[in-house]
Amino acid sequence: MQKQFLGGATKGLKTCLLAGTATLALGASVTFAQDSTTSEPTSHSATITSSSMKYALEVGPIDAVDSNVDAETIRNIISGKLVENANALAGLNAKSILIPEIKLTYTIEVDGNVSDNLFVFKNIALTNVKDGVAQTASMESVSGDMSPNKAADMDVPFKMAFGQSTITQFNLGALLNAYGMITPKSDEMVRVYQDYIVAGGTLDIGPVHCDIGKYQSGEYKARAMKISYPELMALAGELEASKEPSPEQMVKLIDFYADLLYSFETSPVEFDGLNCAGSDDDMNFEMSMGKVTMGAMGNGIYPAVSANDIAIKVSGKENGEFTLGNFTFKEIDFNPTVEAYNNIEDITAVDAEWFERNFRSFIPAFAGLSIDNFFADVPDDKNGDQRVVVEMESFDVSLADYINGIPSKISLSSSGVQADIPENPSEDGLKQLRAMGLERLNVGYELTLGWDEAAQAIDIARLMFTGEQLGTIDISGYLVGASEELFATDPQMAMIAAMGLGVKELDIEMDNEGFLDIVLAQAAAEQGAPVDAFQTQLSAMANGMIVGLLGGVDQAVDLGSAVSGFVGGENKYIGIAITSKSETGVGMPQIMALQADPTKALDYVDIETNTQ
C-alpha cells in the first residue's frame, strides 16, 4: 500500500519539480548572463544537447572596467560552470560591466519535426559593483522568436519583445547563497535586491498581438535553502530516471517544497496590465486587463492577487462581451500544511489509508475570493436569437480561523445578481415571473456564521435571500453546545458533537414583495384550484393547525394569526422569534420528542411574532 501511495504521488510531484526546475534554471540563466564579466571583447558559445533540444549560447564583446574576476572565469560561468566559480562571482568588484549582446538559440526536434528558436538579450550592464553587490543591474531589451512545431504542441509562431529592466542594489552573493551555490552558506535572510522594474513590451502569438504593461516590485530577501540548487538538479535527474522513486527521494523532494515557502520574502508587486487583439475564422477578439497587484509573500503565506478592469469582446459570427471590475484571489496560509508534514513521526507509515485519516490536517487556510462588477452579454443557445445578459455587483467568499482544515468563520455574499428572463421561457418558474411582469431578476444573498470558542457556540449572524420585486427572507440563530469536536478529523466524533448542538435562538423574518405569490400560484396549479380560493383555504388551514398543535395559549394564537395573515396576503411582513427556555437549547432529544407530541413545543421555547 505504501509503495502504491508514494508511486501515485510521485507523478504529480515530479511534474511540479520539473516545472519548478525549469523556472529556476531560466531565472538563473538570465540573472547570471546579466552578471557576466570579462576584460576583453570576444565572443563565445556553449552547446548542450539533450534528447530533443540543442542549445547554443553566444556572448558578444564585453567591456569590464576594474573587474577583479578574469575573462576566462566569466566565460566559464556563462558556459555553465557556475557552481565551480560561484564564490568568485559573489565577491565581484567592478566599476562597470557591459555585455552588448547575448544570444540564446535552440533547436527542437520531435519526431523529425525541427524548429529553430532565438532569444536575444541587449546591453546587459552592472554599475559600481562592490563585494558582489551592484548599485544597478540593467538590461536594455530582450526579444524572442520561436518557430511553429506542431509535434512540440507549438502550432503558431511566437514572438516577444520587452524593454528596459532595472534592478537596484543587486546582491549576487545573496542570490547565489539562496540557491546553495556558495560556501559557507548562510541561513540569514539577506536582501537580494531593493527594487526590480521591467518596462512593458509586446507578445505576438500567431494572429494575436498583445501590448504588455510595466512590472515592478520592491525589496526581495532570501536565505540558503536546505536543499541546494545543484542537489535539486541531481534529484530531478534521479526522479526522471526512476520508474518508482524511493521513499528517501520523495521525502527529499517534499522537504524542498516545505522549505521553499520560508526561504524568501517579497514586497508587494504591481503589474500595469495588458491589451490583446487578434482575429481568426471571421471573428475578432479583444482582451484587456488593468492593474494587477500581489501582496507580500513569505513565511508560508501565498499572498492575495487582485486583477482589475478585465474585459473580453468577441465580434463576428458569434459576438459576445465579458467584463469584470475586479477579481481577487485571497491569500493562502500553508503553515498548517507544513506543520502537519513536520509532525509526521514515521514517513514510512504514510500510505493511502493513513492519508485518508489525516488529509484534513494538510489543508491550507484559504481566505477566499471576491468578484466585483461582473457583466456578460452572450448568445442564448436555448432561445433562438435571444441573448443572455447577466450582471453581478459583488460576490465574496471570506473564510477564516481554520481548525483541522475547516474554517470556523464563514461569510458568503452576493448582491445585484441580475439576469434577463426570456420572453417565452420553457421553465414554469420563469413563466410565473414573466406573468408577474418581471423581465429581469435582481437577487442577492448572504450567509455569515462563526464559531465562538469561549462560549462553545455557533453564531449564525445572517442567512438572507433578497430579490427585487420578490422580497426578503432573513434568518439568524444561535446554537449552543458547539465543542471543538465538531471539527474533529474523526467523522464519527464530529457527528456525535453535531448531535449535541442545541438551538438557543432562532429569528425568522419574511418580507413578501412577490415571492409568496409565485409559491401560491405554483401550489394552486398543482392542486388544480383557483389561486384566490387556494390562498384563502391555506390561510385558514395554517391558523387552525398552529393553534391546534400548540394549544390555545396566547403565543399559539398570536403565531397562528400572524402566519394566517401573511399567507392570506393581509400582511406583507412577518417576524418570528423563537427562544429556548433552557440554557442548553433545543437539541436532538427535544426535537425527537416533538415529533411524537408537537403540543409540547411551548414547554421548550417561547415564541414572539410581529406583523406589518
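Taking Cα atoms only, the orientation of helix 229-241 departs from the longest principal axis of the chain by about 70 degrees. Once the Cα-Cα distance is subtracted from the 0.36 nm per residue extended length, the residue 319 to residue 161 segment shows a gain of 53.8 nm.
With all projection directions averaged, the alpha carbon convex hull of the chain covers 35.7 nm².
A straight Cα-to-Cα reach below 24 Å connects residue 185 with the lysines 81, 130, 221, 226, 252, residues fewer than 8 places away in its own chain not being considered. By the count of other C-beta atoms within 10 Å, a proxy for reagent exposure, 67, 398 are ordered fewest to most as 398, 67. Per-residue ellipticity at 222 nm from helix content only, as computed over the chain with -39500 (n - 2.57) for each DSSP H run of at least four residues, stands at -8500 deg cm²/dmol. The alpha carbon centroids of the range 438-456 and the range 200-237 are separated by 40 Å.
Taking the fewest neighbouring Cβ atoms within 10 Å as the starting point, the ordered list for 451, 354 is 354, 451. Using a/c under 1.5 as the rounded threshold, could you call the range 401-611 rounded, prolate or oblate? The axes a ≥ b ≥ c are square roots of the C-alpha gyration tensor eigenvalues, and prolate needs a/b larger than b/c, oblate otherwise. Because a/c hits 1.5 or more and a/b fails to exceed b/c, the range 401-611 counts as oblate.
Count the lysine pairs in the range 401-611 whose Cα atoms lie under 22 Å apart, taking only pairs 8 or more positions apart in sequence or on different chains. So the count works out to 4.
In order along the range 404-416, phi translates into HN-Hα couplings of 6, x, 10, x, 8, 10, 9, 9, 10, 8, 8, 9, x Hz, rounded to whole numbers, per the Karplus curve 6.51 cos²θ - 1.76 cosθ + 1.60 with θ = phi - 60° and x for Gly and Pro. For the range 539-612, the convex hull drawn through the C-alpha positions has a volume of 84 cubic angstrom per residue. Per-residue 3J(HN,Hα) values for the range 520-530, derived from phi via the Karplus relation 6.51 cos²θ - 1.76 cosθ + 1.60 with θ = phi - 60°, read 5, 5, 5, 5, 5, 4, 5, 8, x, 10, x Hz in sequence order (x marks Gly and Pro). Roughly how far apart, in whole Å, are the Cα centres of the range 487-518 and the range 92-162? Cα centres, the range 487-518 to the range 92-162: 60 Å. If R0 equals 25 Å, the separation of the Cβ atoms of residue 114 and residue 240 corresponds to a calculated FRET efficiency of about 0.60. Counting only lysines at least 8 places from residue 291 when in the same chain, those with an alpha carbon closer than 17 Å to its own are 214, 330. The ranking of 257, 220, 478 from fewest to most other beta carbons within 10 Å of each one's beta carbon is 257, 478, 220.
As a calculated quantity, the FRET efficiency between residue 362 and residue 403 at R0 = 22 Å, using C-beta atoms, amounts to about 0.95.
Where a number appears in this text, it was derived from the coordinates with a stated rule and is not lab data. Note that this is a predicted model, so its numbers are computed, not measured. Heads up, the Cβs are rebuilt from the backbone with ideal geometry, glycines too, and the neighbour counts pull from every protein chain shown.
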